[in-house]
Amino acid sequence: MPYENGRWTNGGLLCLLLLRIAAVFFTSTAALSMGFNKQSITKAVAIVGTKTLYHSYAAKFHQTPAFIFLVVANAVASIYNPVVLLCSFFSKGKALHNMMLRYTDLVVFAVTATGAAAGASMAELGRNGNLHARWSPICDQFGGFCLRSDVAIAASFVGAFLHMILIAVSLADGIQTSSKD
């Protein structure tokens, strides 16, 4: 057990540390890969006489509010975990700190999961379009943009899953503590 006799064991602390480090890795990967995601293409749009007219099109993450939310949510989560590690080092297991940690972990999980879900809905729209609204898919023209978006969304879902595991471990700690009283 990672938690015995009212104290975390070394293995339990290492497990929590590794979970938080992995969460930082995946959420920062999601934020950075989506934050720097853009692609431009140039297409011929008309022929006037003997001259071909070209127009450049660009796909950028900040053109879609759902992608902006995904970047902000994952940036917050990737900053939150190192701050928690620093605060945990200095608090030495105080009850108020542990209770606040449970609540803030839950909020960060919710924000990260909803950011990933919002990004996934936009990725689905970009990949398949919407025939009823006559929105054409764009991933056939902006393949690199869509691939980087998929990587960011997958990393965001993994980060949310790691936060869910942290919440489960934290709740198990609370159940064990209350059963000893």
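Only the coordinates and a few stated rules stand behind these numbers; no lab work does. Here the structure is a predicted model, which is why all the values come from computation and not from measurement. Please note: Cβ atoms are built from the backbone with ideal geometry, for glycine as well, and neighbour counts cover all protein chains shown.
Please report the relative contact order for the chain, taking Cα pairs under 8 Å with a sequence separation of at least 6, and give it as a percent rounded to a whole number.
The normalised contact order for the chain reaches 30 percent.
Calculated from DSSP H runs of 4 or more alone, at -39500 (n - 2.57) each and per residue, what is the 222 nm mean residue ellipticity of the chain, nearest 500?
Values: 4 runs with 125 residues, N = 181.
The helix-only estimate for the chain comes to -25000 deg cm²/dmol at 222 nm.
Pulled fully out, how much extra length does the chain show between Val45 and Gln141, if you take 0.36 nm times their separation in residues and subtract their Cα-Cα distance?
33.1 nm
Could you give the length gained by full extension between Ala117 and His55, i.e. 0.36 nm per residue of separation minus their alpha carbon distance, to one decimal place?
Separation in residues times 0.36 nm, less the Cα-Cα distance, equals 19.0 nm.
Looking at the calculated P(r) for the stretch 3-180, what percent of the C-alpha pair distances fall above 26 Å?
Working: 6907 of 15753 pairs.
Tail fraction, whole percent: 44.
So which trypsin sites (Lys or Arg not before Pro) in the stretch 60-123 pass both tests, a DSSP loop state and at most 13 other Cβ atoms within 10 Å of the Cβ?
Values: sites: Lys60, Lys92, Lys94, Arg102; in loops: Lys92, Lys94.
Here the trypsin sites (Lys or Arg not before Pro) that fit, given the DSSP loop and packing criteria, are Lys92, Lys94.
With charges set only on the Cβ (+1 for Lys and Arg, -1 for Asp and Glu), what does the dipole of the chain come to about its Cα centre, in debye to the nearest 20? Kindly include the intermediate steps, with their values, before the conclusion.
On the way: 13 positive and 7 negative charges, 93 e Å.
Charge dipole, the chain, about its Cα centre: 440 debye, nearest 20.
Obtain the nm distance between the two label points defined at Leu14 and Gln63 by a simple spin-label model: each point lies 7 Å from its Cα along the Cα-to-C-beta direction.
4.9 nm
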